[in-house]
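In what follows, a single structure is set out as structure tokens and then discussed.
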Amino acid sequence: MSVRVWEKKLRFLSDLVDHPNEGTNDWWELVDETASNADPLWQHGQERWYQQDYLVAMQAFQQSLHPLDMAWDEHQSQFLDHSESSADSFTDYHDASEIQQRALQLAHRLVFCSYCESDGNQVKQARRHLIMGLYLLLSNRNLRTKNTSKQTVLLDDAWMELMLSFEEDPDCRILAREVAAMAITSSKGRGGGNCGWHHQMQRPGYMTPGLKPTPFISRDNHPAWCKALEDNWEFILDEYHDIAKSKTLSIVGAGDRGSGQDDHRVVGAGSNWTEYVLFGTGSSAGDAPATKTLIEQNLPDAVSLAQEGGGEIIFSRLAPGSHIQSHCGPTNIRWTAQLGLIVPESAAENFKLRVSEEWHTWQEGKILPFDDSFEHEVRNDSQQERVVLLIRLWHPDLKASQRSTVLDAARTKKEKAVEKRYAPPF
């Protein structure tokens with residue numbers, strides 16, 4: 001489907017976010033009926049799932065939701081007709097608490113199905129079920145002043161999955177911003193359910209609260225260590241050349257380093273992005289000794305982050321004509337800095353880095369620090385290579401005593417997100 005089609009489908013959610021309502025009496029009657037009738041099929045799917053008969057299980061899950069799918073197509077306009085909505089019609093229909101539980105149950109099943117469909121490359125159906133699940137959660141939530149804890153978790157999961165679905169699709173990537181904006185707007189005054197996001201351009205998988213959001217760090221605010229690296233950039237370049245002549249640079253995302261295994265997803269068609277790890281998973285002893293000593297002396301915090309598995313320090317090469325597509329980093333607990341090593345002046349205007357909504361260019365011997373939890377992309381539209389020393393470092397607002405704790409929390413959240421994809425709800 002084109003971006004315009006998905007824009008239209010997202011308006012159903014956007015309308016509900018901008019004009020909160022509880023849904024029509026017909027909508028909640030359908031929810032109650034669908035949830036009741038779906039239980040036997042869903043339970044059958046669970047049994048087959050834990051027998052590792054995943055295809056049959058998935059068929060049962062989807063069939064159990066089929067009545068809701070059909071009704072969604074037939075009655076969308078009625079569901080979104082605010083003139084028919086009233087809290088009275090809802091409470092008159094059935095016991096409110098029972099319907100709310102039914103809605104949460106269905107939403108949980110829809111979100112789980114979307115995981116399976118996305119992993120099975122059924123992207124259209126996955127997005128559809130996420131939109132339906134979010135509609136259920138939002139209209140259900142509008143009956144309350146605050147989110148319940150389960151509802152907040154489900155909202156976080158559904159918004160995140162829908163955002164990533166668009167962010168990983170080159171044709172629809174721009175819609176990731178719209179999804180984040182809706183999550184942020186819908187959560188105001190409700191105690192969560194927005195993935196911790198506060199700006200549509202900053203939407204990482206894990207947000208630590210209280211860290212100052214600074215997309216790009218101007219030269220006036222560069223930390224002291226920037227000058228030490230800039231003053232010694234030429235011998236860093238010499239050691240890069242030694243490695244490039246004697247070693248093979250790895251394709252980004254090939255699995256040589258721990259925190260960047262998904263980076264291949266943002267490499268544009270026909271692009272070539274390679275790297276050599278100096279600190280962190282995949283590094284080798286003895287390479288680039290002067291560069292490593294300089295970093296250890298001036299950036300011990302970056303070395304500690306790499307050693308704890310939160311990011312690496314690498315030589316990064318982007319081949320001519322390559323494009324790293326727009327995306328957000330995994331967390332806001334770290335910054336990224338890039339020291340220009342090979343940036344031919346004759347083609348400097350063709351080497352571009354966008355952070356949030358601002359474009360920047362590299363210079364040889366100059367550092368560009370930024371917060372990669374903000375949306376960013378890189379372009380090499382020249383016929384020459386671009387090489388930088390890429391450094392991950394702790395966000396400066398984090399105290400040393402906090403670092404391991406927040407990194408462990410980010411890892412735990414990622415692990416739980418993976419586990420949810422393999423555990424069908426009851």
Search segment 335-376 for residues being open to solvent by 20 Å² or more (accessible area, probe 1.4 Å) and β-branched (Val, Ile, Thr), and hand back the single one that is nearest to ALA180 (Cα to Cα).
-> THR361
Of residues in segment 33-83 being at pLDDT below 95, open to solvent by 20 Å² or more (accessible area, probe 1.4 Å) and among the charged types (D, E, K, R), the one nearest to the chain's Cα centre (by Cα) | ASP73
Only one of GLU178, GLU161, GLU239 that is more than 22 Å from the chain's Cα centre (by Cα), in contact (Cβ under 8 Å) with a residue 40 or more places away in the chain and not in a loop (DSSP other than H, G, I, E, B) = GLU239
Enumeration of residues in segment 289-302 that are modelled with pLDDT of 95 or more and in contact with a Leu (Cβ under 9 Å, 6 or more places away or on another chain) = THR291, LYS292, LEU294, ILE295, ASN298, LEU299, ALA302
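Can GLU117 be described as of a type in the set (Asp, Glu), under 16 Å from the mean Cα position of the chain (by Cα) and open to solvent by less than 20 Å² (accessible area, probe 1.4 Å)?
On the way: of a type in the set (Asp, Glu): yes; under 16 Å from the mean Cα position of the chain (by Cα): no; open to solvent by less than 20 Å² (accessible area, probe 1.4 Å): yes.
No.
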What number of residues within segment 377-424 satisfy the criterion of being within 21 Å of HIS222 (Cα to Cα), of a type outside the set (A, V, I, L, M, F, W, C) and open to solvent by 70 Å² or more (accessible area, probe 1.4 Å)?
-> 3
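Rundown of residues vs (1) farther than 20 Å from LEU13 by Cα; (2) modelled with pLDDT under 90, yes/no style:
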{"residue": "SER85", "(1), (2)": "no, yes"}
{"residue": "ILE99", "(1), (2)": "yes, yes"}
{"residue": "LEU110", "(1), (2)": "no, no"}
{"residue": "CYS113", "(1), (2)": "no, no"}
{"residue": "CYS116", "(1), (2)": "yes, no"}
{"residue": "LYS124", "(1), (2)": "no, no"}
{"residue": "HIS129", "(1), (2)": "no, no"}
{"residue": "ASN142", "(1), (2)": "no, yes"}
{"residue": "LEU155", "(1), (2)": "no, no"}
Subset of segment 203-231 (residues that are touching a helix residue (DSSP H, G or I) at 6+ places or on another chain (Cβ under 6 Å) and part of a loop (DSSP other than H, G, I, E, B)) = ARG203, THR208
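Can we say GLU375 is of a type in the set (D, E, K, R) and farther than 16 Å from PRO204 by Cβ?
Values: of a type in the set (D, E, K, R): yes; farther than 16 Å from PRO204 by Cβ: no.
Spelling it out, it is not the case that GLU375 is of a type in the set (D, E, K, R) and farther than 16 Å from PRO204 by Cβ.
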Of the residues that make up segment 277-294, is at least one touching a residue at least 24 places away in the same chain (Cβ under 8 Å) and among the acidic types (Asp, Glu)?
-> yes
Do we have any residue at all in segment 270-290 that's touching a His at 6+ places or on another chain (Cβ under 9 Å) and surrounded by fewer than 17 Cβ atoms within 10 Å (Cβ to Cβ)?
-> yes
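This table checks each residue for (1) among the acidic types (Asp, Glu); (2) more than 30 Å from ALA288 (Cα to Cα); (3) open to solvent by 70 Å² or more (accessible area, probe 1.4 Å); (4) touching a Leu at 6+ places or on another chain (Cβ under 7 Å).
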residue	(1), (2), (3), (4)
GLU168	yes, yes, yes, no
ASP171	yes, yes, yes, no
MET182	no, yes, no, yes
ARG219	no, no, yes, no
TRP225	no, no, no, yes
ASP231	yes, no, yes, no
GLU234	yes, no, yes, no
THR248	no, no, yes, no
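For segment 378-411, name all the residues that are acidic (Asp, Glu), touching a residue at least 40 places away in the same chain (Cβ under 8 Å) and within 21 Å of CYS195 (Cβ to Cβ).
Initial filter on segment 378-411 (acidic (Asp, Glu)): 381, 385, 397, 408.
After this cut, where a residue has to be touching a residue at least 40 places away in the same chain (Cβ under 8 Å) as well, the list is 381, 385, 397.
Correct list: ASP397 only.
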Does segment 294-327 hold any residues that are charged (D, E, K, R), assigned to a loop (DSSP other than H, G, I, E, B) and open to solvent by 20 Å² or more (accessible area, probe 1.4 Å), and which are they?
-> GLU308
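Are any of the residues in segment 191-208 more than 22 Å from SER373 (Cα to Cα) and open to solvent by 10 Å² or more (accessible area, probe 1.4 Å)? Before the answer, list the steps.
Step one: list which residues in segment 191-208 are more than 22 Å from SER373 (Cα to Cα), which gives 191.
Still in the list and also open to solvent by 10 Å² or more (accessible area, probe 1.4 Å): 191.
There is at least one residue in segment 191-208 that is more than 22 Å from SER373 (Cα to Cα) and open to solvent by 10 Å² or more (accessible area, probe 1.4 Å).
The values are calculated or read from the model by the stated rules, or taken from the named source; none is laboratory data. Small disclaimer: the values here were computed from a predicted structure and weren't measured. Glycine also receives a Cβ, built like all others from the backbone with ideal geometry; neighbour counts cover every protein chain displayed. All accessible areas refer to the heavy atoms of the entire protein, side chains included, with ligands and DNA or RNA removed. Shrake-Rupley method; radii C 1.70, N 1.55, O 1.52, S 1.80 Å.
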